[in-house]
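Engineer: I'd like to ask you about the structure that follows.
The values are calculated or read from the model by the stated rules, or taken from the named source; none is laboratory data. From a predicted model like this one, the values you see are computed outputs, not experimental measurements. Neighbour counts run over all protein chains shown; Cβ positions are idealised from the backbone, glycine included. For the accessible areas, the whole protein counts, side chains as well, though only heavy atoms, and no ligand, DNA or RNA atoms are used. Shrake-Rupley method; radii C 1.70, N 1.55, O 1.52, S 1.80 Å.
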Amino acid sequence: MSEVSTPPPADDGAVVLERLRAVAGGPQLLALAATRTDAELVGGAVRDLLLGGRPRELDVVVARDAAGFARELAAALHATVTEHTRFGTAVVEGVEARADIATRRAERYARPGALPEVREGTPHEDLLRRDFTVNAIAVALGGPRRGELRHVPHALEDLRAGRLRVLHERSFLDDPTRLLRLARYGARLGFAVEGRTDRLADAAVAAGALASLSGARLGAELRLALRAVWPIMTLALLDERGVLRAVHPRLRLDERLVAAALELLPDTARLDLLLLAAIAVPLVLGAEDDARVDDAPRGAPAAGVERAAEVERAAGAERTAGAELAALLDRLEFPRADRDLALAAALAAVRLARELPSCERPSQVHALAAPAPLEGVALAGALGGHGNGRTGASEIARRWLSELRHVRLRIAGEDLLAAGVPEGPEVGRRLRATLALRLDGEIAPGREAELRAAVRLP
């Protein structure tokens, strides 16, 4: 995480090199580049060091043979190297240090949203391929130019002003992932968006630029947003810009919903999955609304019939929303485990917000909430009566997350077998029933009371 000071920043390359010595991998990089005339630190690392912060990784450009330079640095750091020959880059990863080494290059976009076509480039061309002016700054690491800053026009003044500005008119059209990076940098650095850049970003979203991206690239950027230093602010900026709606028309961020869920969320849960499920909740609610309109019963059916129809509509809407959300997350190439958890959390949130208020006993709460991800229960509590006319889900979810989910039996299957319960499904049934009795306060805590109750069960 980059910790930045309040502008104005330094504008001296010598200061960058001095601060680099305190960064993991910095001393080794400086020693390796001391006699080279082509090695430069560039991009976000220079930006953060000028701001007085500590970069998370070091971006270095060389005139040629990035892989060879990376191998030398890795040897000094006792680190590993991953080479990407297509782009002339290599990644060095150690226990604490990470560095991206690249050959100077120029880029051309054959079509909007495509990966760039690269060729060897001049130092100036390498700066021009950056996304924002504040990232288009380089400092020489060695040779007679050691400590010299190079930058595109407006770079230092934008850094001092805390401003994000693209380098050319087609920036967001050529590479629409910059729309997501604009929000991420804005939230992380607290920088404003320069006026022309703001208009270009809005125009790119309106023109459907994000549709030109592959699902893999779009998903990778969305995952970075979900795991950003300030993820809620990042998502809020994406929502305000219309980027979430461009990913799917029903994705939204309800900041009040997220804030309420965070009050309930246990420390062991994952914030990124909560946020992903939260922006998907409107998709699930929208499917329920659609089902209500399309399948609403005619006339005045009996109460039991109406309740059965409502249950069937909710189940059908959940299946529809689940299939739609699963297809979206698959297109964005979310890892299967994350996809399944976020999907389960979003669906459980809406279902539990509707069903938890009808629970009269803790064992009923357990039956509903135990199969759901913690993130889904927290969202259900946050939803409360939101959009469904129910109340009480918040208090029930809070009690489940803080108290009831921690209730455990002191006995296990081996104890029941030793007491004469036949091996098979009966053991599990008795354990579940005994846990229900414990939750409802019908037996005292403790191994002896639990075993006695389990054996006596009909």
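Engineer: With Cβ to Cβ distances under 9 Å as the rule, what net charge do the other residues near A99 carry (K, R +1; D, E -1)?
Structural biologist: Net local charge, A99 excluded: -3.
Engineer: Spin-label point model (7 Å from Cα, Cβ direction): what's the V455 to L271 distance in nm?
Structural biologist: 5.1 nm
Engineer: Extent of the chain along each principal axis, from alpha carbon coordinates, in Å, largest to smallest?
Structural biologist: 88, 59, 39
Engineer: Right, another one. When the expected Rg is taken as 2.2 N^0.38 Å, what fraction or multiple of it is the alpha-carbon Rg of region 70-203?
Structural biologist: The reported ratio for this selection is 1.16.
Engineer: Given the convex hull of the Cα atoms of region 385-458, what is a quarter of its surface area in nm²?
Structural biologist: The orientation-averaged projected area of the Cα hull of region 385-458 comes to 6.4 nm².
Engineer: If I model a spin label at R56 and Y109 as a point 7 Å from the Cα along the Cα→Cβ vector, what separation in nanometres do I get?
Structural biologist: 2.3 nm
Engineer: For A259 and R331, what does the FRET efficiency come to when R0 = 25 Å and r is the distance between their Cβ atoms, rounded to the nearest 0.05?
Structural biologist: Step by step, r from the Cβ atoms, then E = 0.30.
Engineer: Could you give the length gained on full extension between E120 and A207, defined as 0.36 nm per residue of separation minus the Cα-Cα distance, in nm?
Structural biologist: 28.1 nm
Engineer: Pop the C-beta distance of T37 and T82 into the FRET formula with R0 = 35 Å and round what comes out to the nearest 0.05.
Structural biologist: 0.85
Engineer: Tell me the net charge near R71. Cut-off is 10 Å between Cβ atoms, R71 excluded, with +1 for each Lys or Arg and -1 for each Asp or Glu.
Structural biologist: Taking every other residue near R71 into account, the sum is -3.
Engineer: While we're on this one: Label-point separation (nm) for E240 and A433, each offset 7 Å from Cα along Cα-to-Cβ?
Structural biologist: 5.8 nm
Engineer: Mean separation of Cα pairs under 8 Å and 6+ residues apart, divided by the residue count of the chain: what relative contact order is that in percent?
Structural biologist: Answer for the chain is 10 percent.
Engineer: State the answer as a single residue: which of L347, G25, G147 lies farthest towards the positive end of the charge dipole of the chain, with beta carbon charges of +1 for Lys and Arg and -1 for Asp and Glu, about the Cα centre.
Structural biologist: Positive-most Cα among the choices belongs to G147.
Engineer: In debye, nearest 20: dipole of the chain around its Cα centre with unit charges on the Cβ of K, R (+) and D, E (-)?
Structural biologist: Using Cβ point charges on Lys, Arg, Asp and Glu, the chain gives about 100 debye.
Engineer: Now for a different question. Counting pairwise Cα distances across region 1-150, what percent come out greater than 27 angstrom?
Structural biologist: Value for region 1-150: 17 percent of Cα pairs lie more than 27 Å apart.
Engineer: Under a point-charge model restricted to the Cβ atoms of Lys and Arg (+1) and Asp and Glu (-1), what is the dipole moment magnitude of region 1-129 relative to its Cα centre, in debye to the nearest 20?
Structural biologist: Charge dipole, region 1-129, about its Cα centre: 240 debye, nearest 20.
Engineer: Given charges of +1 on the Cβ of Lys and Arg and -1 on the Cβ of Asp and Glu, with all other atoms neutral, how large is the dipole of region 125-222 about its Cα centre, in debye to the nearest 20?
Structural biologist: 260 debye
Engineer: Something else now. Leaving out ligands and nucleic acids, and using a 1.4 Å probe, what accessible area per residue does the chain come to in Å²?
Structural biologist: Per-residue value: 47 Å².
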